[in-house]
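The values are calculated or read from the model by the stated rules, or taken from the named source; none is laboratory data. The structure displayed is predicted, hence computed values, not measured ones. Virtual Cβ from ideal backbone geometry, glycine too; neighbours counted across all protein chains shown.
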Amino acid sequence: MPSRVPAGVLAGVVATVTMDAALVLASHFAGGAFASDKIGLELIGRWAAGFRRGRWRHADITVEPRLHGELAIGLAVHYLTGIALTEVYFELLRRSGLGPSLAKATAFGVATAVLPLLVLYPSMGYGCGARRSDDARRLVRIMLLGHTAFGAGIGLWTAFPWGRGEAE
(Lines give C-alpha, C1' and ligand atoms only; values in the text may rest on other atoms or scores of the structure.)
Protein backbone atom coordinates (compact mmCIF):
# COMPACT_ATOMS: atom_id res chain seq x y z
CA MET A 1 0.00 0.00 0.00
CA PRO A 2 1.64 3.27 -1.09
CA SER A 3 2.19 5.96 1.48
CA ARG A 4 -0.22 8.92 1.46
CA VAL A 5 2.56 11.19 2.70
CA PRO A 6 5.08 12.20 0.00
CA ALA A 7 8.44 10.53 0.54
CA GLY A 8 10.12 13.93 0.71
CA VAL A 9 8.13 14.83 3.82
CA LEU A 10 9.21 11.80 5.82
CA ALA A 11 12.76 11.78 4.49
CA GLY A 12 13.04 15.55 4.89
CA VAL A 13 12.03 15.44 8.54
CA VAL A 14 14.40 12.56 9.30
CA ALA A 15 17.24 14.20 7.35
CA THR A 16 16.71 17.47 9.22
CA VAL A 17 16.70 15.60 12.53
CA THR A 18 19.98 13.99 11.41
CA MET A 19 21.39 17.45 10.70
CA ASP A 20 20.30 18.76 14.10
CA ALA A 21 21.67 15.69 15.91
CA ALA A 22 25.03 16.03 14.14
CA LEU A 23 25.28 19.70 15.12
CA VAL A 24 24.30 19.02 18.74
CA LEU A 25 26.87 16.22 18.97
CA ALA A 26 29.56 18.34 17.30
CA SER A 27 28.95 21.28 19.62
CA HIS A 28 29.02 18.91 22.61
CA PHE A 29 32.23 17.12 21.64
CA ALA A 30 34.06 19.92 19.83
CA GLY A 31 32.84 22.76 22.00
CA GLY A 32 33.01 26.19 20.45
CA ALA A 33 34.22 24.93 17.08
CA PHE A 34 30.61 24.11 16.12
CA ALA A 35 28.64 26.63 18.16
CA SER A 36 27.91 30.28 17.51
CA ASP A 37 25.51 32.86 18.87
CA LYS A 38 25.17 34.13 15.28
CA ILE A 39 23.03 31.21 14.13
CA GLY A 40 20.16 29.41 15.77
CA LEU A 41 16.51 28.60 15.29
CA GLU A 42 15.41 31.74 17.12
CA LEU A 43 17.46 33.92 14.74
CA ILE A 44 16.08 32.09 11.72
CA GLY A 45 12.60 32.70 13.13
CA ARG A 46 13.36 36.38 13.69
CA TRP A 47 14.66 36.64 10.12
CA ALA A 48 11.67 34.80 8.61
CA ALA A 49 9.17 36.80 10.69
CA GLY A 50 10.47 39.92 9.00
CA PHE A 51 9.04 38.68 5.68
CA ARG A 52 5.52 39.59 6.82
CA ARG A 53 6.67 43.17 7.21
CA GLY A 54 8.43 43.11 3.84
CA ARG A 55 11.86 42.96 5.43
CA TRP A 56 14.27 40.52 3.79
CA ARG A 57 17.62 41.93 4.88
CA HIS A 58 19.02 43.01 8.21
CA ALA A 59 22.17 44.86 9.13
CA ASP A 60 22.72 42.38 12.00
CA ILE A 61 19.94 40.00 12.95
CA THR A 62 21.44 39.45 16.41
CA VAL A 63 20.69 43.03 17.47
CA GLU A 64 17.11 43.04 16.16
CA PRO A 65 14.44 42.96 18.87
CA ARG A 66 13.31 39.50 19.91
CA LEU A 67 9.91 38.50 18.63
CA HIS A 68 7.19 36.49 20.29
CA GLY A 69 7.25 32.98 18.81
CA GLU A 70 10.51 33.38 16.92
CA LEU A 71 11.81 29.98 18.05
CA ALA A 72 8.65 28.21 16.83
CA ILE A 73 8.82 30.11 13.54
CA GLY A 74 12.49 29.19 13.15
CA LEU A 75 11.79 25.54 13.85
CA ALA A 76 8.97 25.49 11.28
CA VAL A 77 11.11 27.25 8.65
CA HIS A 78 14.03 24.90 9.32
CA TYR A 79 11.96 21.73 8.93
CA LEU A 80 9.90 23.01 5.99
CA THR A 81 13.15 23.91 4.23
CA GLY A 82 14.49 20.40 4.89
CA ILE A 83 11.33 18.89 3.44
CA ALA A 84 11.41 21.17 0.38
CA LEU A 85 15.09 20.44 -0.30
CA THR A 86 14.46 16.71 0.04
CA GLU A 87 11.65 16.98 -2.51
CA VAL A 88 14.11 18.77 -4.83
CA TYR A 89 16.55 15.87 -4.40
CA PHE A 90 13.85 13.33 -5.30
CA GLU A 91 12.77 15.41 -8.30
CA LEU A 92 16.35 15.65 -9.54
CA LEU A 93 16.65 11.87 -9.30
CA ARG A 94 13.35 11.38 -11.17
CA ARG A 95 14.34 13.76 -13.95
CA SER A 96 17.77 12.20 -14.40
CA GLY A 97 16.49 8.63 -14.20
CA LEU A 98 18.84 7.87 -11.31
CA GLY A 99 18.15 6.00 -8.12
CA PRO A 100 18.92 7.30 -4.65
CA SER A 101 22.21 6.54 -2.95
CA LEU A 102 24.10 7.64 0.12
CA ALA A 103 26.84 9.23 -2.01
CA LYS A 104 24.41 11.20 -4.21
CA ALA A 105 22.34 12.34 -1.26
CA THR A 106 25.41 13.43 0.71
CA ALA A 107 26.76 15.35 -2.30
CA PHE A 108 23.34 17.00 -2.63
CA GLY A 109 23.42 17.93 1.05
CA VAL A 110 26.84 19.53 0.67
CA ALA A 111 25.57 21.45 -2.37
CA THR A 112 22.63 22.80 -0.37
CA ALA A 113 25.09 24.53 1.97
CA VAL A 114 25.38 27.28 -0.64
CA LEU A 115 21.85 28.44 0.25
CA PRO A 116 22.68 29.69 3.74
CA LEU A 117 26.09 30.90 2.61
CA LEU A 118 24.68 32.91 -0.31
CA VAL A 119 21.14 33.74 0.88
CA LEU A 120 20.60 33.34 4.62
CA TYR A 121 23.86 34.77 5.90
CA PRO A 122 23.81 37.86 3.67
CA SER A 123 20.15 38.45 4.57
CA MET A 124 21.01 38.25 8.27
CA GLY A 125 23.71 40.89 7.84
CA TYR A 126 26.73 38.57 7.84
CA GLY A 127 27.63 38.95 4.18
CA CYS A 128 28.26 36.31 1.54
CA GLY A 129 29.84 33.29 3.19
CA ALA A 130 29.50 35.15 6.52
CA ARG A 131 32.63 37.14 5.65
CA ARG A 132 31.28 40.31 7.33
CA SER A 133 30.85 38.38 10.53
CA ASP A 134 33.55 38.06 13.16
CA ASP A 135 32.67 34.35 13.15
CA ALA A 136 32.93 33.48 9.43
CA ARG A 137 35.05 30.33 9.68
CA ARG A 138 32.88 28.84 12.40
CA LEU A 139 29.63 29.70 10.57
CA VAL A 140 30.88 28.10 7.35
CA ARG A 141 32.06 25.05 9.32
CA ILE A 142 28.66 24.73 11.00
CA MET A 143 26.84 24.96 7.66
CA LEU A 144 29.07 22.43 5.94
CA LEU A 145 28.76 19.91 8.75
CA GLY A 146 25.02 20.40 9.08
CA HIS A 147 24.28 20.14 5.39
CA THR A 148 26.59 17.14 4.93
CA ALA A 149 24.70 15.39 7.75
CA PHE A 150 21.41 16.47 6.16
CA GLY A 151 22.38 14.85 2.85
CA ALA A 152 23.63 11.72 4.60
CA GLY A 153 20.29 11.61 6.43
CA ILE A 154 18.45 11.64 3.11
CA GLY A 155 20.73 8.87 1.83
CA LEU A 156 20.31 6.71 4.91
CA TRP A 157 16.55 7.21 4.98
CA THR A 158 16.11 6.36 1.31
CA ALA A 159 18.06 3.13 1.72
CA PHE A 160 14.76 1.67 2.92
CA PRO A 161 11.83 1.16 0.47
CA TRP A 162 9.44 2.95 2.85
CA GLY A 163 11.83 5.90 2.92
CA ARG A 164 11.26 6.35 -0.82
CA GLY A 165 7.49 6.14 -0.47
CA GLU A 166 7.39 2.60 -1.85
CA ALA A 167 5.22 -0.20 -0.50
CA GLU A 168 6.84 -2.53 2.01
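Structure above, values below:
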{"quantity": "Output for region 109-124, where each listed residue is of a type in the set (S, T, N, Q) and modelled with pLDDT of 95 or more", "calculated": "THR112"}
{"quantity": "Residue within region 57-72 that is within 24 Å of LEU23 (Cα to Cα), of a type in the set (D, E, K, R) and either outside any loop (DSSP other than H, G, I, E, B) or touching a Pro at 6+ places or on another chain (Cβ under 8 Å) (or both) present", "calculated": "yes"}
{"quantity": "GLY82 vs. criteria in contact with a Ser or Thr (Cβ under 6 Å, 6 or more places away or on another chain), part of a helix (DSSP H, G or I), within 15 Å of VAL9 (Cα to Cα) and at pLDDT 95 or above", "calculated": "yes"}
{"quantity": "Unique match (being closer than 14 Å to MET19 by Cβ and hydroxyl-bearing (Ser, Thr, Tyr)) among TYR79, TYR121, TYR126", "calculated": "TYR79"}
{"quantity": "Residue that is farther than 26 Å from PRO122 by Cβ, crowded, with 16+ Cβ neighbours inside 10 Å, in contact (Cβ under 8 Å) with a residue 40 or more places away in the chain and of a type outside the set (Val, Ile, Thr), where the choices are ALA26, ALA7, ALA22, ALA15", "calculated": "ALA7"}
{"quantity": "Test: residue in region 149-157 that is assigned to a loop (DSSP other than H, G, I, E, B) and either modelled with pLDDT of 90 or more or over 11 Å from the mean Cα position of the chain (by Cα) (or both)", "calculated": "no"}
{"quantity": "Which listed residue, of LEU93, LEU102, LEU115, is of a type outside the set (Val, Ile, Thr), surrounded by fewer than 20 Cβ atoms within 10 Å (Cβ to Cβ) and in contact with a Leu (Cβ under 7 Å, 6 or more places away or on another chain)", "calculated": "LEU102"}
{"quantity": "In region 36-52, residue modelled with the lowest pLDDT [restricted to those that are of a type in the set (Lys, Arg) and in a helix (DSSP H, G or I)]", "calculated": "ARG52"}
{"quantity": "GLY31 vs. criteria more than 22 Å from GLY153 (Cβ to Cβ) and modelled with pLDDT under 85", "calculated": "yes"}
{"quantity": "Boolean, ARG55 is closer than 22 Å to ARG132 by Cβ and either basic (Lys, Arg) or modelled with pLDDT of 95 or more (or both)", "calculated": "yes"}
{"quantity": "Residue in region 98-108 that is more than 23 Å from ARG46 (Cβ to Cβ), at pLDDT 95 or above and either among the polar types (S, T, N, Q) or part of a loop (DSSP other than H, G, I, E, B) (or both) present", "calculated": "yes"}
{"quantity": "Residue among ARG57, ARG66 that alone is in contact (Cβ under 8 Å) with a residue 12 or more places away in the chain, over 18 Å from LEU145 (Cβ atoms) and in contact with a Ser or Thr (Cβ under 8 Å, 6 or more places away or on another chain)", "calculated": "ARG57"}
